[in-house]
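Okay, structure first, notes after.
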Amino acid sequence: MSFYYPRQIRFHETDGAGVVYFANVLTLCHEAYEASLEAAGIELAEFFSPRGTAVPVVHGSVDFLGPMRCGDRITIALTPKPLPKANKPLSEFEINYRLLRGRLAEADDSAELIAQAQTRHCCINAETRRRQALAKGLQAWLEQCSATEMT
């Protein structure tokens, strides 16, 4: 299932051509990711604290399918997916993002897809920088997103 995050494009997110600067699309996606974590009850200040565990983005990609301009209302639909490895604790997940024109409360097949993105995340120990299992709260977020629709 997807988490839907409505938002408006701001002037500072655009470039000299008047469209969203390419690197800002991943910033928009990360903003939606943070909102989904918060909606699942994860305390952001603790989650992004430099102590304990870290969950860095290890891969990111974006495909642009249409322009986004200042004032445009968009919805970012994100769908996380665990990436299990045989005989190892779950330590990775990916998030697929669909950026859609307009404010949508739920999936709408007629919505204009203006960009697609993907991020891959890996859980590590913040001190040793070695891979470790996802924290229980993050595993619950993945399960919740897989089982029910969050808005």
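Give region 96-147 a look and list any residue that's closer than 29 Å to D72 by Cβ and at pLDDT below 90, or say none.
Narrowing region 96-147 to residues closer than 29 Å to D72 by Cβ: 96-121, 141, 145.
R103, L104, A105, E106, A107, D108, D109, S110, A111, C145, listed by residue number.
Consider L83 carefully, then state whether it is out of contact with any Phe, Trp or Tyr (no Cβ under 6 Å at 6 or more places or on another chain) and among the hydrophobic types (A, V, I, L, M, F, W, C).
When the stated conditions are applied, L83 does not pass them.
Identify the residue in region 1-29 that is closer than 16 Å to L100 by Cα and polar (S, T, N, Q) and, among all such residues, is farthest from the chain's Cα centre (by Cα).
Q8
Kindly evaluate T79 against the criterion of being under 12 Å from L142 (Cα atoms) and of a type in the set (V, I, T).
On the way: under 12 Å from L142 (Cα atoms): yes; of a type in the set (V, I, T): yes.
Yes.
Is it true that L28 is out of contact with any Ser or Thr (no Cβ under 9 Å at 6 or more places or on another chain), surrounded by 19 or more Cβ atoms within 10 Å (Cβ to Cβ), touching a residue at least 12 places away in the same chain (Cβ under 8 Å) and not acidic (D, E)?
In short, yes.
Would you check if there is a residue in region 53-73 being in contact with a strand residue (DSSP E or B) (Cβ under 9 Å, 6 or more places away or on another chain), of a type in the set (S, T, Y), at pLDDT below 95 and closer than 23 Å to R130 by Cβ?
Among the residues of region 53-73, at least one is in contact with a strand residue (DSSP E or B) (Cβ under 9 Å, 6 or more places away or on another chain), of a type in the set (S, T, Y), at pLDDT below 95 and closer than 23 Å to R130 by Cβ, which makes the answer yes.
For region 59-98, which residues satisfy the criterion of being closer than 30 Å to A17 by Cα and in contact with a His (Cβ under 8 Å, 6 or more places away or on another chain)?
Answer for region 59-98, where residues must be closer than 30 Å to A17 by Cα and in contact with a His (Cβ under 8 Å, 6 or more places away or on another chain): just I95.
Out of (1) exposed (fewer than 12 other Cβ atoms within 10 Å of the Cβ); (2) in contact with a Cys (Cβ under 9 Å, 6 or more places away or on another chain); (3) among the β-branched types (V, I, T), what's the single condition that is false for T128?
T128 satisfies all of (1) exposed (fewer than 12 other Cβ atoms within 10 Å of the Cβ); (2) in contact with a Cys (Cβ under 9 Å, 6 or more places away or on another chain); (3) among the β-branched types (V, I, T) except (2).
The values are calculated or read from the model by the stated rules, or taken from the named source; none is laboratory data. On a predicted model such as this, the values are computed, not experimentally measured, just so you know. FYI the Cβ positions are ideal-geometry reconstructions off the backbone, even for glycines, and counts take in every protein chain you see.
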